[in-house]
Every structure is written in structure tokens, then in C-alpha cells.
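Working notes, beginning with the structure itself.
The values are calculated or read from the model by the stated rules, or taken from the named source; none is laboratory data. The structure displayed is predicted, hence computed values, not measured ones. For neighbour counting, all protein chains shown are included, and Cβ atoms are generated from backbone atoms with ideal geometry for every residue, glycine included. Just so you know, the surface numbers come from the protein's heavy atoms only, side chains and all, with ligands and any DNA or RNA stripped out. Shrake-Rupley method; radii C 1.70, N 1.55, O 1.52, S 1.80 Å.
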Amino acid sequence: MVALTRPSLSRETAIAIVAGVAAVAISYALVGRAQAFVAAPVEAFLSRTMPGALITFAITTVGSLGQELNFAMAAVFVAVAFGLLVRLSLFARTTLGGGATLLAGVTTCVLAFLLSGQPVHALLVTGGVVAIVAAGELAAAFQRGDPLSSKRRRALSTIGGAVGLAAVGYQAGRYKAPSATAEEAATLEGQTVDREVIEDRLAEAEAAEIDEERLDPLVSDHFYNVDINAVDPELDANDWELSITGTVETERTYTYDDVRRMETEHRFATLRCVGETLNGHKIDSALWTGTPVRAFIEAANPQGDCECVMLHGADGYSVQFPIDALEPGLLAYGMNGNVLPRAHGYPVRALVPGHWGEVNAKWLTEIEFLEEAVDGYWEQRGWHGTGPVVPVAKLHTEADHPDGRLLGGHAYGGTRGVSRVEVSIDGGDTWTEARLSDDLPDQDMWRQWAYTYDPPEESHTVVVRMVDDDGTIQPKEERPRFPRGPSGWVSSSY
Ligand SMILES: Nc1nc2c(c(=O)[nH]1)N[C@H]1C(S)=C(S)[C@@H](COP(=O)(O)O)O[C@H]1N2
Ligand SMILES: [Mo]
């Protein structure tokens, strides 16, 4: 047997590891997924600079998990950075003595302030780090000699301490982030908002639904989320401004109040992400309250050659597409009767009828009219998600039913509308019409479909497809989500 030689962990390195993890854990415990979290800017930097091919690979293999991995990686990097500062400070101990702890504290505080932008937060993180360094130093003063058993004990307590701190910090910070779901957001009130109209419209959608409990509703309970960063911007409506810039007759800015005082519209609209799978769930619908974009375009009187526009978000996001597509759009500040939630773009987002999700810029800060077309965030990374959505009938409900089996889902064709959903239980040879929810007058809203049948004994394949208002059948040809969005007929075998 050959004895394994383990690299031995010095006391200083052990202290540095635990202190580095503590810095990140304390920060997360205090603020959760907020901009002040010390790893937030690093995560944003990593996702901004990561090659498009790598991002697309992550999206198409591990999906949203990719973003979580990136977030975790940023946290590890930042823990290493804090640990390094502590370790380097401890090198200076021979000359500085106790001053090394002070040096560790000062450098930690500077880094924490640079990353979080908040002095109080930086001080609290520093307090934790200094406590750990001081405790480590104190323990060293009492412990003489360095028997092997104490080395092993040190390695174990370092790992235990680091993992324990990370776990406690994660748990404490998990629910700290500002309200993420539409249900938690405040009720939308004031100015031109008429609560009664909102309630009526929501009731209208409920009345239009197919009477089958197991179907997902017309107005989504949980609206999906796709963001370029793991931490959403935290904007304050009172400071928020929308700038209209570029090739326009007059550049100008609007405050939140300006926007809220303009014409109000409540419309149902569906969003679908170009990066979702064919039968995926990155598609949802809501009642949006906002002001039509048209007035902003008319006031600006754009003159650019490309007749195109770039929307910018506070998170550094951008998307470029034709002004014609923006014309019928809405600048939304309300969602399902609540203030637009932070996760969906508070205080104002764009809604562009019939286009893929990426066109609907959140945390909107600038509408820039262009002279020449330039690529936005996703197009720079190889996607082509600025056009109209591809029609789809989803198969999301498969359940037992008194009449046999219930199949159902939603069909969405953007502004093409949905006139019919057809179901085949013989792999596409013969088709029958499914039941549909009542058509809402809104241009860009999905419909529910349902189909009950008595399943045959033998194995069979169910296929679903939608037909738009012009009678065009959803294309059968299969195509992956990259780069123009998934297409084809959804099927399921029994
Ligand atoms: N500012 C900003 N706007 C954005 C995004 C983003 O990351 N940042 N993601 C886009 C994408 S890819 C989609 S699919 C939709 C998702 O909107 P949701 O998160 O409200 O569902 O927002 C779009 N608007
Ligand atoms: Mo998307």
C-alpha cells in the first residue's frame, strides 16, 4: 500500500476559506437575490461576456439550470476573492502582527463595498469576516505544536465550517428577494385605472374558459420568467424615466406619472419564449394594463432609414425590430390587476403583439429609433427571436376522465389567432375538432382546447395541431428551438 500524501492545509488558508465563504453567505443571508448581493455584479458580468454558443448550449441542454449554475459559479468566485484577500493579509502577519486582521478587515470592506454598492452592507459582511479571522488567530495562540490529528481536524472543521455557513446563508437569503410573483405585487390603483374594468375583464376570461378543472387557466397562475441575469434590477417608479432617443424629431423623456396619466388600456396577451421546447412551458398569458405605444411614436416622429427601433432595459438588455411591430404595442405597468411585478419588468415593460417573448423588453428605460439595424442581446448570440411567433397547440393535460381520457392545453398563434384545434389519435391519419375556450376579443391571446376520448386498448399516438383565423394549419415540419423557435406538431404515445 502506498500512503497517499495529502497536501496539508495551513491554518491561514483554513481561516481564509471559511472567511471567504462567510462573506458571501452573510451577504446572501442579509439581502437574498438582490442587487446588493456581493455576487450579483459578477454573475451579470459572466452572463454578459459568456460566448453566445455556450449560452445557447446551456439553454438547450440544461435550461434554466444553466443560469443557476452561473449564479453559483459567481458566488464561488466572489468567495475565492474574499478568501484571497484574507490569505494575503495573513501573509503580512510576520511584519504587522495583529495589524494583519485589521488589513483583512479593511480590504474586505473595500471589496464588499465595490460589489454591493452599499456601505452598511459592506460593514456587516466585514464584521463577519473579521470575527472569523480573529477567532482563528486566537485559537492559534492557544494551540501549540501541530500533530497530524490536529491537521485532520483542521481540514474537517474547515470543510464543515464552510459548508455550514453556505447552507445557513442560503436558507436565510432564499426568501429575501423582493416580490417575484404577480400574486404578491400590490394592487394597481390610482390615476386612470378603473378597478371595475379590470375585475370585469378577469371575469370575462374566467367565463370564457372550458369547464374542465384539470386544464390550466386562461390567465396563468404562475407566469414564466426568462432573464439575462439571475438578479433582477430594482427600480423605483419615482426615479424611473423613459427616454425616447435617436433619429427622432424631438428627443424627450417621460416620468412614471406621465405614462400613468396617458390613455389606459387593459388587454390580454400571451408571451412565448423562442428558447422553449416545442411542448415546453415558457408560454403564459396575463391581463396587462398600460398605455398604447402609438402616442410615443407619433410624438417622436422617427426619421431613420431602417424604420427600426431598439428597446433598452435597465439590466443592459436590448432588442431591435421594426417600428411597425411596435406600433400596436403597449407600455405595461400592471399585470392581472396588480402593479407590474419586479420579475416581469417593474415599473414598465413593453408588450409587442404576436412577437416572440424577447421583444417584450422589461425594466424599459429607452426607446431608441435607429438609422441602421443593429443586433440586440439575443441576436448578438445567434438567435432570431424578433419575428412573429410560430403557431403551436400544446398538450399539457393528460388525465383520467369519466368519458375515458381528457387531453388538453393551450393553442397560440400570435396575431394570427386560433380558429380551431384538431386532435388525431391515430398518429395523424384522421383528425377531429377539439373543444375551444371562447375567443376573447384581444388580438394576441391563446385559447384553451380540450378533447375527451375513449382510449383504444392498443398503443396509439395522439397528435395535436392548431388552425389560425385564415384557415392555415400549423406547420408540421419539425425544427429545433435554436435559432428561430421550435416548430412542429406536439404528439404523445400511449
Ligand atoms: N430587460 C429585459 N427584458 C426581457 C428579458 C430580459 O432578460 N431583460 N428577457 C426577454 C425574454 S427572452 C422573454 S421570453 C420575456 C420573458 O418575460 P417574462 O419574464 O415576464 O415572462 O422577456 C423578455 N424581455
Ligand atoms: Mo425568450
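Being of a type in the set (S, T, N, Q), under 29 Å from Arg201 (Cβ atoms) and at pLDDT below 95: is that true of Gln448 here? No; evaluated as a whole, the condition is false for this residue.
Here is a yes/no grid of residues against (1) near ligand 1 (Cβ under 10 Å from one of its atoms); (2) open to solvent by 20 Å² or more (accessible area, probe 1.4 Å):
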| residue | (1), (2) |
| --- | --- |
| Ala361 | yes, no |
| Glu368 | no, yes |
| Glu372 | no, yes |
| His384 | no, yes |
| Val392 | no, no |
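Quick one: would you say Ile228 is outside the structural domain of Val133 (by TED's automatic domain parsing), within 16 Å of ligand 2 (Cβ to nearest atom), open to solvent by less than 30 Å² (accessible area, probe 1.4 Å) and not polar (S, T, N, Q)? Answer is yes for this residue. Among the residues making up segment 354-379, those that are within 16 Å of ligand 2 (Cβ to nearest atom) and assigned to a loop (DSSP other than H, G, I, E, B) are Gly354, Trp356, Asn360, Ala361, Lys362, Trp363, Asp375, Gly376. Return yes when Ser179 is open to solvent by less than 50 Å² (accessible area, probe 1.4 Å), at pLDDT below 80 and in the same structural domain as Ala44 (by TED's automatic domain parsing) and no when it is not. No; evaluated as a whole, the condition is false for this residue. Against the numbered list (1) within 15 Å of ligand 2 (Cβ to nearest atom); (2) closer than 27 Å to Arg479 by Cβ, Ala343 comes up short only at (2). In this structure, Gly97 qualifies as modelled with pLDDT under 95 and among the small types (Gly, Ala, Ser).
Among the residues of segment 188-209, those that are closer than 30 Å to Glu358 by Cβ and touching a residue at least 60 places away in the same chain (Cβ under 8 Å) comprise Leu188, Gln191, Thr192, Val193, Val197, Ile198, Arg201, Leu202, Glu204, Ala205, Ala208, Glu209. Residues in segment 432-449 that are more than 16 Å from Thr270 (Cα to Cα) and either of a type in the set (Ser, Thr, Tyr) or touching a residue at least 24 places away in the same chain (Cβ under 8 Å) (or both): Thr432, Ala434, Arg435, Leu436. With respect to Glu379, determine if the residue is under 21 Å from the mean Cα position of the chain (by Cα), acidic (Asp, Glu), within 11 Å of ligand 1 (Cβ to nearest atom) and closer than 30 Å to Thr61 by Cβ. Against the criterion (under 21 Å from the mean Cα position of the chain (by Cα), acidic (Asp, Glu), within 11 Å of ligand 1 (Cβ to nearest atom) and closer than 30 Å to Thr61 by Cβ), Glu379 does not qualify. Within segment 181-204, identify whether any single residue is charged (D, E, K, R), within 28 Å of Gly385 (Cα to Cα) and either within 16 Å of ligand 2 (Cβ to nearest atom) or in contact with a strand residue (DSSP E or B) (Cβ under 8 Å, 6 or more places away or on another chain) (or both), and answer yes or no. No; the residues of segment 181-204 include none that is charged (D, E, K, R), within 28 Å of Gly385 (Cα to Cα) and either within 16 Å of ligand 2 (Cβ to nearest atom) or in contact with a strand residue (DSSP E or B) (Cβ under 8 Å, 6 or more places away or on another chain) (or both). Of all the listed residues (Arg11, Arg87, Arg48), the sole one being modelled with pLDDT of 95 or more, basic (Lys, Arg) and open to solvent by 40 Å² or more (accessible area, probe 1.4 Å) is Arg87. Across segment 301-349, the number of residues qualifying as out of contact with any Pro (no Cβ under 8 Å at 6 or more places or on another chain), aromatic (Phe, Trp, Tyr) and open to solvent by less than 10 Å² (accessible area, probe 1.4 Å) comes to 1.
Residues considered: Leu370, Leu406, Leu436. Of these, the only one that is over 30 Å from Pro328 (Cα atoms) and of a type in the set (A, V, I, L, M) is Leu406. Among what's in segment 65-75 and is open to solvent by 70 Å² or more (accessible area, probe 1.4 Å) and touching a residue at least 12 places away in the same chain (Cβ under 8 Å), pick the residue that is nearest to Val38 (Cα to Cα). Filtering first and then ranking leaves Met73. Considering every residue within segment 100-117, establish whether at least one is within 15 Å of Ile15 (Cβ to Cβ) and of a type in the set (Phe, Trp, Tyr). Checked segment 100-117: no residue is within 15 Å of Ile15 (Cβ to Cβ) and of a type in the set (Phe, Trp, Tyr). Selection over segment 420-455 of residues that are assigned to a loop (DSSP other than H, G, I, E, B) and open to solvent by less than 20 Å² (accessible area, probe 1.4 Å) gives a count of 5.
For Asp232, the conditions (1) in a helix (DSSP H, G or I); (2) of a type in the set (D, E, K, R); (3) over 12 Å from Val348 (Cα atoms) are fulfilled apart from (1). Number of residues in segment 267-305 that are among the aliphatic types (A, V, I, L, M) and within 16 Å of ligand 2 (Cβ to nearest atom): the value is 6. Tally time: how many residues in segment 210-225 are among the charged types (D, E, K, R) and more than 16 Å from ligand 1 (Cβ to nearest atom)? Looking only at that region, the number is 4.
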